[in-house]
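Before any comments, here is the structure.
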Amino acid sequence: MKDIVQVVLIFSLTSVVMPGLQVRKSNQTKAMMRESCFLSDYSLKAKCVQIHQNLRCKGGFNDQWINGIKYEITHLTVTEWPGECFNVGHLHLHFPELRSLEIVNCTLLRTFKGYFRSDSKIEKITMHGLSSLWEIPPETVNHMVNLREMDLRSNMLRHMKAQLLIGSPVLERVRLSGNKWDCSDGGLDWLAMEEPNGTTKSRITDYYDLVCYQKLYRGKPLHKVMDIIKIDTIRSIVQNSHYKRLADLYLDNNSIAAVKELEGSEWFSTFRVLSLRGNYLKQIPVYAFDKAFQANNNIMHVFLGQNPWRCDCHFIPRFQGLLLKYKRVIRDLTDIRCSKSSDKKTSLVQISTMPLGNVCSNETELAISPINIVNIVLFALIMFILGKFLYDWRNFKNTGKLPWLSSVLP
């Protein structure tokens, strides 16, 4: 009986432990599959069909196509790739004579590994239906000297670097419509900085069909958003009736050096969010900002960080007072710092917490303003007149002689 109980206990422990081992083994296998990026990873269920010089593979590559070099294939279509990674470097080794490459309906594909070498003969790359791919690394195609066309329509692309379009010296056409472009995170700012007829932008044949999809600019034409992003003045926005009801305005990473147009504008007293991060602002009209913030019942967030603020005794005391007064609205106080300089007391120092003695020290006297000069002159004149009156009065009392002015008057 005792032996039977021991056997039952051992069997129970085995049944409890084994599922854990199986789950762990399964997780390890999945992790290894994610780290692996070989064309041979999915050869068992792959189906490839060759018609003359064209090869179409679904779900991977059969062993016969990834063993050795296939010089006879010039056009390759890959569909329903079952992995998250696709190694284009290995693809180039097995199919060195490719002229055209299509990667279609690969919903799991997230990234590319390796790159096409400079001796690649591919002239056209087509990618459609890659619903998990957010960005194509520029180094994937940068070395291709024969690439003339890229058709990247109808994917999930959100970002794109300029290097992707300038790597190939003979690249003529790029199609990008039907993607989920994010126009608000800086990933496409290079488009805003380029001239309207710039070489890189002109290669995008459907540029005016591109639409922003993510966050702030959802549904807006990309080219119009880029026109706003590249501005160096806010006059065109504040004075444009089309933006009268604009609530949230993000103008990060532009070339704006002044915002005097905001003063007195109707929009400035009704906006909800204003972001001017990463521009060239050195100072702002503090009084105008204070007045607008007090009158604005809609205001929620203001961002002023990463600008080269001028730190002197004339501007900083008033600016610091504004920051502290509206610290619940101004959300990036830690990024609002003095511009970089040789003065260790102020260089890149956070303005809201900086001692005013750093900019208004005894060694650096505050420059006398014009109104103070006028006051000093008036005070001197008053003292002169008062002194002259006392002198004449005393002289008259002692000698009985009238002052010169009184003696000549009729």
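None of the figures in this text is laboratory data; all of them are computed from the coordinates on show. All figures in this text were calculated on a predicted structure; none of them were measured in a lab. Here Cβ is always computed from backbone atoms with ideal geometry, including for glycine, and neighbour counts include all displayed protein chains.
Net charge near L147: determine it from the other residues with C-beta under 13 Å of the C-beta of L147, scoring Lys and Arg +1 and Asp and Glu -1.
Values: positive: R99, R117, K121, K124, R148, R173, R203; negative: D119, E123, E149, D151, E172.
Computed value for this residue: +2.
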Exercise for review: Using a 10 Å cut-off on Cβ atoms, rank the peptides 239-247, 342-350, 147-155 from the highest mean neighbour count down.
Suggested key: 147-155, 342-350, 239-247
Review point. Which order do H52, H159 fall in if you start with the one that has the fewest other Cβ atoms within 10 Å?
Key: H52, H159
Exercise for review: Count neighbours as other Cβ atoms within 10 Å of each site's Cβ, and list the chymotrypsin sites (Phe, Trp or Tyr not before Pro) in the range 254-288 that are DSSP loop with at most 15 such neighbours.
Suggested key: Y280
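Filter the GluC sites (Glu not before Pro) in the range 179-286 down to the DSSP loop ones having no more than 13 other Cβ atoms within 10 Å, then list what survives.
Values: sites: E194, E261, E263, E266; in loops: E194, E263, E266.
Answer in residue order: E266.
Expressed as a rounded percentage, what relative contact order does the chain have, with Cα pairs under 8 Å and six or more residues apart?
On the way: 730 pairs, mean separation 24.6, N = 410.
So the answer I get is 6 percent.
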**Study point:** Sorted by Cβ density within 10 Å, fewest first, the residues I122, I284
**Key:** I284, I122
Study note, to complete from the structure: Descending packing, highest mean Cβ count within 10 Å first, for 387-395, 323-331 is 323-331, 387-395
Practice item. Starting from the Cα gyration tensor of the chain, multiply each eigenvalue by 5, take the square root, and state the resulting semi-axes largest first in whole Å. Key: 73, 31, 19
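Report, to one decimal in Å, the Kirkwood hydrodynamic radius for the range 77-117 based on all distinct Cα pairs.
Details: mean 1/r = 0.0934 Å⁻¹.
For the range 77-117, inverting the mean 1/r across all distinct Cα pairs yields 10.7 Å.
Quick check: net charge around Q50, other residues with Cβ under 11 Å of its Cβ, Lys/Arg +1 and Asp/Glu -1? Mind showing how you got there, number by number?
Values: positive: R56, K70; negative: E72.
Surrounding charge for Q50 is +1.
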Revision key, fill the gap. Summing -39500 (n - 2.57) over every DSSP H run of at least 4 in the chain, dividing by its residue total and rounding to the nearest 500, the 222 nm mean residue ellipticity is -9000 deg cm²/dmol
Revision key, fill the gap. The helix 370-399 Cα axis meets the longest alpha-carbon principal axis of the chain at an angle in degrees, between 0 and 90 and rounded to 10, of 10 degrees
Check your understanding: Which lysines have a Cα less than 18 Å from the Cα of K260, not counting those fewer than 8 places away in the same chain?
Key -> K244, K282, K291
Check your understanding: Which aspartates and glutamates have a Cα less than 14 Å from the Cα of K180, not counting those fewer than 8 places away in the same chain?
Key -> E135, D209
Check your understanding: For the range 248-288, treating each Cα as an identical point scatterer without solvent, what Debye log10 I(q)/I(0) comes out at q = 0.27 1/Å?
Key -> -1.10
Check your understanding: Which ³J(HN,Hα) values in Hz, rounded to whole numbers, follow from the phi angles of the range 137-147 under the Karplus curve 6.51 cos²θ - 1.76 cosθ + 1.60, where θ = phi - 60° and Gly and Pro get x?
Key -> x, x, 5, 4, 10, 4, 8, 7, 8, 10, 5
Exercise for review: Would you compute, for the Cα atoms of the range 233-367, the largest minus smallest coordinate along each principal axis and list the three values in descending order, in whole Å?
Suggested key: 51, 27, 27
